[in-house]
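Every number in this text was worked out from the coordinates using simple rules, so none of it is lab data. This structure is a prediction, so every number in the text was calculated from the model and none was measured. Here the Cβ positions follow ideal geometry from the backbone for every residue, glycine too, while neighbour counts run over all protein chains shown.
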């Protein structure tokens, strides 16, 4: 859903990012480091700062590709690095939330009598399965798997909104539901394309 918006923003800022002195891969690493910082902040229970850091990290995730295009420095390795850093960033932020919920620095009510850390684990599983199905289907010959209702930008926006509003556990449960729906959407699309 937001991938098209992200691509539109990237295209519109191409002329503006040529002056950035850093390489696209450096920007990708900076975005990852900010996500690690967000995880530490979440672990201390500071939801608002954690949410703002996720947004800041997302800015770097958006401009790394724009810089690569503007400077004609796109590479296969850069795409792999970006994908790996995105997966690591997702996992580390969720790990910070798990740590905060287990130690009590993040105080959220149990939803359906299930502790928050349990929901977070399933959010991680769902997030990884969305990416895995895409990767596996594309390697099997499906041309494009940018489909589904909960790609990475949508998941991060839901997490940010939940953190800012005080409904973190509800936002994580929503991520669990939407990621698993997205995984099924992608599997069905892959089946159709590969048949």
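Take 146-153, 175-182 and order them by the average number of nearby Cβ atoms within 10 Å per residue, most first; the result is 175-182, 146-153. When the chain is treated as a GNM, springs tying every alpha-carbon pair under 10 Å, which of 119, 19, 37 comes out with the largest mean-square fluctuation? Ranking 119, 19, 37 by mean-square fluctuation puts 19 first.
Annotation: extensible slack from residue 146 through residue 113 equals 8.4 nm (criterion: 0.36 nm per residue apart, minus Cα-Cα distance). For the chain, the 222 nm mean residue ellipticity estimated from helices alone, with every DSSP H stretch of n ≥ 4 adding -39500 (n - 2.57) and the total spread over all residues, rounds to -27500 deg cm²/dmol.
Classification of the chain by its C-alpha gyration tensor yields an oblate form. The axis ratio a/c (a ≥ b ≥ c) is 1.5 or more, and b/c is at least a/b.
Between residue 157 and residue 76, the distance separating the two model label sites (each 7 Å from Cα on the Cα→Cβ line) works out to 3.3 nm. Could you check which residue among 27, 164, 16 shows the biggest mean-square fluctuation in a GNM of the chain with a 10 Å Cα cutoff? Maximum fluctuation in the GNM of the chain, among the listed residues, is at 16.
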